[in-house]
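The values are calculated or read from the model by the stated rules, or taken from the named source; none is laboratory data. Here the structure is a predicted model, which means the values were calculated and not measured. All Cβ positions, even for glycine, are placed from backbone atoms using ideal geometry, and neighbour counts span all protein chains on display.
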């Protein structure tokens, strides 16, 4: 990113020295393998556009079974994640569903059980919200074994989180439609994939901001995100946002499915476990500078990253460059939206000494990120979900960067 | 969209009758050509996702030279336009530009002329805004000759408008960097395409909300949108948002380029013309029901569409179903963002009589859309840009729909 040396004051104030003309090394067009674009007729319009051949963002897999893929956080700008780069997690692959054969049944403790086609769902007043979605297992390898996973990118460390504009019908509209009974305290959400994924959700979430989403970033939801319709629960762990949803059953207690008993509970020290830990806690990660970037020169550059919380808006991100000894407030980039990725930046001088960069986010409920040691003490080494501890990157004297344990 | 008959009250209130179980005709999976998805292993995660094979949104061309393509407005939900479906307009094709060879020169009436590489631009504090962009020629065929263009979709009538999250550096940051002199009143923006597109912009816009954008919907801007960087002027006509920008020159008067003298001026009756008519006026279009939809049954359905204004927020959209005799207020869908597509909806009973559907938007400055007759009187039949008159769709007794002249 940084080619010339610039001063901290210049970087902060945007004054003359911040970007010197000397830093602008313009390659002649022939050296880059492209012709002078003002001398050649350009390409025609296309039915569906493509990325520049110089941009190749890709999701990555951490397992050969390819039941998950991670968003390239370090390649993105702004807050929207392009739909084709949104992280994936599925338990029996991505089903192919003909929208004409799709239906959603809502039954159980309701006055009027009903089946809704996709066209039915689209006839109700829609809403559109920009929100993050995160897998509760995001960050498991660096929690479990940071020493063995030092050469990991932000995408590999934390790429099971993405942000979209989600479009659909509020679940409360459907609840009114079927007449949910006051005795109903929970609902079951069931998928039509080969795993028949099922989760129990408190009915309050249905009356609050839950949505049956059929749109994502302006178009139909993508197959790996639940085409043609999914449950979307802003701020709740990814697995509870049941994709390819075909059935909702209202009841007076949770259903104790496999995915909330055997899986998606958090083991605690002493053989206990916490269950129904839906809300994704406040979290952040520095996406630049980070592995595999090497800082080839001393001088100022901007530390950049994203922060998010399932409880509401991010109100503050603090940055440490000395491994947590001292902290300073980062700048938050507008727009700051509730339950949505929020960008932050902080000017930092790399003086050639080893440095440990950390980000610590705080949300509007006052929650803040614990250290790795604090979280491990609370949850034990065997926990499988909800790793929201402070992440660190170690910048070595030679400018190379690795994921750093936050001890 | 609508299969069963429903009452207006039910549609508005979301009560029991709005969507009847009887309307849910679920096709057995085998009839749709797909297998029961709960019985087959689904597909694996992919590096870059693809749309469902049941969804094939495409841009369309209105000219065989393919120097423009239109967004499929009738296929979209929410406010974001997927980047690969954003409308296109270029004057000498889409150039291929190596980001390593890219530079932006800012000079003329400045204290410190400078060249910025793409990396330089990305080091400044970024901003992200969700805004529409519209070609000033959008709607020209139906303005000029509505009778000859009755069988046109919303995409064909009005598809040269799209909305993105735009990410970049505020131009005022660069203006401070180079020290724009107080005598500077205009700036020239010059592209590095084969047309070397040039436009003069009032310097006030540079100090206001202009941006050098390098990101779109979370990722690098697409080639047809100006990769690797473009000028973005919220609310201004598309052609002034110079793509592939390579040079900005500050001066005390406009440069009178071809694209603001021979083109992009608005002829008026009496042989005069108005020039530098940058701001896109308040506008709207109904995207459902519209050609080629046929309403096969009487009954209630929702009229839906989008409204936008280059002057600020949409505050009101009125709907007429009787060709402008009477008007009623539509519901605006949140979020309502300044200089951004805003969705509206209105419940309507198709009783089998011919009907003429119209939408009329009003923005926060109090501007509203004129009728076709009013606009033609003001501008004459030969005008080439800024067609913001009220659009109409005629629903015939047989339920077929055509673009309707608003006389």
Review point. Could you list, in sequence order, the residues of the range B:338-375 that are without any contact (Cβ under 8 Å) to a residue 40 or more places away in the chain and surrounded by fewer than 17 Cβ atoms within 10 Å (Cβ to Cβ)?
Key: B:366, B:373, B:374
Practice item. Within the range A:148-175, track down each residue that is without any contact (Cβ under 8 Å) to a residue 60 or more places away in the chain and more than 14 Å from every other protein chain (Cβ to nearest Cβ). Key: A:148
Practice item. Residue by residue through the range A:295-337, note down the ones that are within 14 Å of chain B (Cβ to nearest Cβ), touching a residue at least 60 places away in the same chain (Cβ under 8 Å) and more than 20 Å from residue A:134 (Cβ to Cβ). Key: A:295, A:296, A:297, A:299, A:300, A:301, A:302
Practice item. Kindly indicate whether residue A:45 is at the interface with chain B (Cβ under 7 Å from one of its Cβ atoms) and surrounded by 22 or more Cβ atoms within 10 Å (Cβ to Cβ). Key: yes
Practice item. For the range B:97-131, enumerate the residues that are within 30 Å of the chain's Cα centre (by Cα), farther than 29 Å from residue A:81 by Cβ and more than 7 Å from every other protein chain (Cβ to nearest Cβ). Key: B:105, B:106
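Looking at the structure I just gave you, is residue B:232 in contact with a strand residue (DSSP E or B) (Cβ under 9 Å, 6 or more places away or on another chain), within 14 Å of another protein chain (Cβ to nearest Cβ), within 20 Å of residue B:89 (Cβ to Cβ) and surrounded by 21 or more Cβ atoms within 10 Å (Cβ to Cβ)?
Numbers: in contact with a strand residue (DSSP E or B) (Cβ under 9 Å, 6 or more places away or on another chain): yes; within 14 Å of another protein chain (Cβ to nearest Cβ): yes; within 20 Å of residue B:89 (Cβ to Cβ): yes; surrounded by 21 or more Cβ atoms within 10 Å (Cβ to Cβ): yes.
In short, yes.
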Check your understanding: Would it be correct to say that residue A:173 is touching a strand residue (DSSP E or B) at 6+ places or on another chain (Cβ under 7 Å) and either closer than 21 Å to residue A:73 by Cα or surrounded by fewer than 23 Cβ atoms within 10 Å (Cβ to Cβ) (or both)?
Key -> no
Point to revise | Leading residue by the ranking (farthest from the other protein chains (Cβ to nearest Cβ)) among those in the range B:181-191 that are touching a strand residue (DSSP E or B) at 6+ places or on another chain (Cβ under 7 Å) and either crowded, with 24+ Cβ neighbours inside 10 Å or free of Cβ contacts under 8 Å to residues at least 12 places away in the same chain (or both) | key: B:187
Practice item. Could you please give the count of residues in the range A:143-161 that are at pLDDT 85 or above, touching a helix residue (DSSP H, G or I) at 6+ places or on another chain (Cβ under 6 Å) and in a helix (DSSP H, G or I)? Key: 3
Practice item. State the number of residues belonging to the range B:51-74 that are surrounded by fewer than 21 Cβ atoms within 10 Å (Cβ to Cβ), more than 7 Å from every other protein chain (Cβ to nearest Cβ) and in contact with a helix residue (DSSP H, G or I) (Cβ under 8 Å, 6 or more places away or on another chain). Key: 2
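Counting only residues that are surrounded by fewer than 22 Cβ atoms within 10 Å (Cβ to Cβ) and facing chain A (nearest Cβ under 8 Å), which one in the range B:85-96 is nearest to residue A:333 (Cα to Cα)? Before the answer, list the steps.
Here is the first cut: in the range B:85-96, the ones surrounded by fewer than 22 Cβ atoms within 10 Å (Cβ to Cβ) are B:89, B:91-93, B:96.
If we keep only those that are facing chain A (nearest Cβ under 8 Å) too, we end up with B:92-93, B:96.
Details: B:92: 36, B:93: 35, B:96: 31 Å.
Per the stated criteria, the residue is B:96.
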Study note, to complete from the structure: residue B:374 passes all but one of the listed conditions (1) within 21 Å of the chain's Cα centre (by Cα); (2) farther than 17 Å from residue B:320 by Cα; the exception is number (1)
Review point. Would it be correct to say that residue B:164 is outside the structural domain of residue B:391 (by TED's automatic domain parsing), part of a loop (DSSP other than H, G, I, E, B) and crowded, with 22+ Cβ neighbours inside 10 Å?
Key: no
